[in-house]
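Written out below as structure tokens is the structure these notes cover.
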Amino acid sequence: MDTKNVLVIGAGLSGLTCSVKLAENGNNVRLFSPSPSERSQSVMAMGGINAALNNKGQDDSTSQHYTDTINGGQEINNHKAVKKLTDDAPEIIEWLDSIGTSFTRDENGNIDQRYFGGQKKQRTAYAGARTGKQVLTAINTMLRKYEHENLVKRYIGWRFLSLILNDMSECVGAVLINEFTEEIQSFEADCVVIATGGMNKVFGKISGSLQNDAGTTARLLQQEIQLANLEMIQFHPTTIKTPVKSMLITEAARGEGGRLYTIKDGEKWYFMEEWYPELGALMPRDVVSRSIYKVCNQLNLGINGENIVYLDVSFLPEETVKVKLDEVYEVCTQYLNLDPTVDPIPVYPGIHYFMGGILTDDAHKTSIKNLYAIGECSAQYHGANRLGGNSLLGAIHGGYIAAEEINRQTVTSSNNNEIIRKELEKQMEKYAQWKDNQTSEYTSSYTVEEELASIMNNAMGIYRDEETLREAMGQLEQLENEKIYSHESYYEYVLIKSLIHLSKAFLISAINRKESRGAHQRIEYPEKSDKYRKTTVIQEKNNEMIVSFNDTDEKMGW
Amino acid sequence: METLKITILTQENGEEVIKEYEYTGNLNIPVTTLLEKVNHGNNTKIHYSSSCLQGLCGSCAMLINGWPKLACKTFVNEEVMTKYFHKITIEPLSKFPVIKDLIIDRSKIYENMKEAQQWLDEKAKINPEHIPFEYEVSQCLMCGCCLESCPNYNGEDNFMGVVLPVSSSKITAQETSDEKLKLHKQIHKKHFYNGCVKSLVCQDVCPMEIPTQRAISQMNYKSVWHLFHLFNRQEK
């Protein structure tokens, strides 16, 4: 088998897993990230990771995990990918256990599992209140061995600028920039793996990491890479407003028994339990978010007339709140000045996860040969709505699959020096142009970022309509013409410019899906339509954005 | 409204740089939010590193009025109003090279972890009773607060600081290769035991409240005291 030279861009769980699996087979990996892996958004994943281990004697099976995932995603998931994902899940847990993840155990010493949304079985394995962090520590420890053997070389502080494409539009490397020193460098490679996370920054400061700035996805769009299902944005039902940002109250709070209520006629009204007697507050996230929206905006029953309902965990044993949900306890006491063992938590849905992103098939291949995408930046597993506990699973599984595919690929050697030199020169020229043309008289990038986030949050809320979406398009076109001052940071400049572009793709995708499905709810088209049981694909060609609806399981053909 | 005086104390090309700002507004905010407000309010960019903004990732460890802390968990009101008379001084951690403003280069920590071979060579041995402790040491953010406050760590000699026993206390509990276990003990002696004077300050400053003393005593026992006990027993 050939040894390959691979660039992995992003060092969260998916990038780490992919790097470990590539290095295990003797490949050379260069791993790029804005900061060390401990800083990645993966460490913020609290709740757990789904796998039909059947440790609870509930007759769970991988096929039930499959069905729940497809139902949760409203059938526009890549079915073949979900089949692999759910079949491989128990093996992934076994692997994580074997490399030293400190999973919480039950009284028999087995890995404990709890209830999560959209699933009737206790299927979510977890490690205390910090599953993401615990898993990341284990994989990061594993990777260290390969760093020591020089199979993996890390580049900290680096951001993606552009792909290097040959005449046949195949990827032969990438150009990256050191965000702080502004050194721009080209890297030749047999394959490039994108693992850059969700598109948080389009919407300002949402619950996730600031580092997941959507920049890589935005610049890939500009290089004609196909993106998918951008309109599918998950609103987590229970976020809180703090002076810092919107923060998440994990679904585990409801998994452990937490209840949602508002006040109606002076009494507590547990609306989810009344509307959905079977799963109650543990319905899939899109359903819970819409229900809270309905309570506040249609029934006008928000707490004190505001967009708030209560999440109550105060009646649970104090130990459950302080140990199993210790992150909930800490966030509430530190950032809200509220003790959740005594008082209910004021919550409302907030943007949390992007089911859409870079279009990939079940082998994690993108529309460009030799380019893979894994983790939250890639769209395939989650369809129109992701189940809680499937994101950590998807991130790790993506790393597995991409590494497997790359191992299998044969390398064709060709001389790309000229192409690489040209792309590097092109990026250097752009940098020089910017350098000569910066003045604080231009509009501050901070202002542009805020305007962008405000336009996008307004247009891409829980419910959408064509008029607002089109209006937002007009506003973006105006924003595009602004001259921007980015406080002497070239990366900030490139980022904000490309984000405006990407934002248009979000709106166009949302305009074109004329139905209501999962996370995408159109006021004019309240029903789900079979015509749209497909993947929304958007591609930029000759400065035009082209939308098509493809089969969910379509292969990339390379 | 009360006004806060902010001093950013850093270095550029080996020279000390002082930047001063004033801020009037809601003071019930953490230092990261304060920095953001200063940047926006002055149309400037003080570079600082932040990611999760809620005390989970360790990016924003810096010196706040002289103490190593996570800026996103350190609220301005508590910190400055009573003790520091409406003044706040913010500096990068001093034991690491400065990249820009408040951003530091922690690669020394990672180099040390590689040199100390902090990984498993064999499949992890899982003992359910050990899990709560292993969970706690796995929380390490590699933020550098412990090294900053440690009287023995200087980033230059053999002493690697408490990040080493925090990591190796879990790894040696899970490792099954005898040869590797022996090596871990030697590494602990050389890179930790011989340099630590037990000031215990690491446990006080750790933002994740990792029981560093327990990690240290476990590793000391495994690497040093355990051998003494064996030796004594043989003599009798």
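Quick note: the coordinates plus some simple rules give every number you see, no bench work behind them. Keep in mind that this is a model prediction, so the values were computed, not measured. Positions of Cβ are backbone-derived with ideal geometry, glycine not excepted, and every protein chain shown enters the neighbour counts.
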Could you give P(r) for segment A:261-380, binned at 5 Å from zero, as whole percent values over all Cα-Cα pairs?
2, 10, 15, 15, 16, 14, 9, 8, 7, 4, 2, 0, 0
Ordering of A:15-22, A:408-415, A:255-262, A:535-542 by burial proxy (mean other Cβ atoms within 10 Å per residue, highest first):
A:15-22, A:255-262, A:535-542, A:408-415
Cross-link reach list, aspartates and glutamates versus A:LYS324, counting only Cα pairs under 14 Å and skipping chain neighbours closer than eight places:
A:ASP106, A:ASP112, A:GLU251, A:GLU256, B:GLU136
Between B:MET160, B:MET219, B:MET113, find the one with the highest GNM mean-square fluctuation for chain B; connect C-alpha pairs within less than 10 Å.
B:MET113
Could you list, by residue number, the cysteines of chain B that have no other cysteine's beta carbon within less than 4.7 Å of their beta carbon?
B:CYS60, B:CYS72, B:CYS140, B:CYS143, B:CYS145, B:CYS150, B:CYS196, B:CYS206
Counting only complete DSSP H runs, which helices of chain A cover 24 Å or more along their long axis at the Cα atoms and score a mean Kyte-Doolittle of -0.5 or above?
A:390-408, A:490-512
Gain upon complete extension [A:ASP2, A:ASP87; 0.36 nm per residue less C-alpha separation]
27.8 nm
Over the Cα atoms of segment A:24-122, how large are the radius of gyration and the largest Cα-Cα distance (Dmax), in Å?
16.0, 44
Please build a GNM for chain B, connecting alpha carbons under 10 Å apart, and tell me which residue among B:SER177, B:SER50, B:SER169 fluctuates the most.
B:SER177
Can you tell me the dipole magnitude for segment A:237-352 around its Cα centre, using point charges on the Cβ only (Lys, Arg +1; Asp, Glu -1), in Debye to the nearest 20?
420
Expressed in nm to one decimal, what extension gain is obtained for the pair A:ARG421 and A:SER61 from 0.36 nm per residue of sequence separation less their Cα-Cα distance?
124.4 nm
Around B:ILE99, which amide H atoms from residues at least 5 apart in sequence, or from another chain, sit under 5 Å from its own amide H, with H modelled in the peptide plane?
B:ILE104, B:ASP105
Segments A:373-385, A:340-352, A:134-146 sorted - mean Cβ within 10 Å per residue, highest first
A:373-385, A:134-146, A:340-352
Å³ per residue enclosed by the Cα convex hull of segment A:444-542:
108
Run the reach check for A:LYS294 against aspartates and glutamates, Cα to Cα strictly under 13 Å, same-chain hits fewer than 8 apart removed. What comes back?
A:ASP286, A:GLU306
Taking the alpha-carbon centroid of each part, what is the distance from segment A:314-377 to segment A:50-121 in angstrom?
18
Surpassing 19 Å at the alpha-carbon level, of the pairs A:LYS145/B:LYS108; B:LYS5/B:LYS95; A:LYS153/B:LYS189; A:LYS80/A:LYS555; A:LYS21/A:LYS153; A:LYS21/B:LYS123, are B:LYS5/B:LYS95; A:LYS153/B:LYS189
Post the alpha-carbon centroid distance, segment B:125-201 to segment A:271-309, in whole angstrom.
48
Among all the lysines, which ones have a C-alpha under 17 Å from B:LYS125's C-alpha, if same-chain residues fewer than 8 places away are not counted?
B:LYS170, B:LYS180, B:LYS182, B:LYS222
Which peptide among B:144-151, A:285-292, A:161-168 comes first, and what is the full order, when sorted by highest mean count of other Cβ atoms within 10 Å?
A:285-292, B:144-151, A:161-168
Calculate, axis by axis, the spread of Cα positions in segment B:3-104 along the three principal axes, and write the results as whole Å, longest axis first.
34, 29, 27
Work out, step by step, the length gained on full extension between A:LYS80 and A:ASP436: first 0.36 nm times the residue separation, then minus their alpha carbon distance; give nm to one decimal.
123.1 nm
Assertion target for B:CYS143, A:CYS191, ordered by fewest C-beta neighbours within 10 angstrom first, is A:CYS191, B:CYS143
Starting from the Kirkwood radius over alpha-carbon pairs of segment A:9-50, derive D by Stokes-Einstein at 20 °C in a medium of 1.002 mPa s and give it in µm² s⁻¹.
191
Taking each residue in B:165-174, count the Cβ atoms of any other chain within 10 Å of its Cβ, then average. What number comes out?
2
Reference-scaled alpha-carbon Rg (2.2 N^0.38 Å with N residues) for the protein assembly as shown:
0.92
Can you compute log10 of I(q)/I(0) for segment B:107-235 with the Debye formula, treating each Cα as one identical point scatterer, at q = 0.12, 0.14, 0.15, 0.17 Å⁻¹?
-0.43, -0.59, -0.68, -0.88
Regarding chain B, what whole-number volume in Å³ per residue does the convex hull of its Cα atoms give?
145
Quick one: among B:GLY195, B:GLY25, B:GLY66, which has the greatest mean-square fluctuation in a GNM of chain B with alpha-carbon springs under 10 angstrom?
B:GLY25
What average number of partner chain Cβ atoms lie no more than 10 Å from the Cβ of the residues making up B:125-136?
5
Please compute, for peptide B:27-36, the average count of beta-carbon atoms on other protein chains lying within 10 Å of each residue's beta-carbon.
2
Cα-centre dipole for the protein assembly as shown with unit charges at Cβ (Lys and Arg positive, Asp and Glu negative), debye to 20
1120
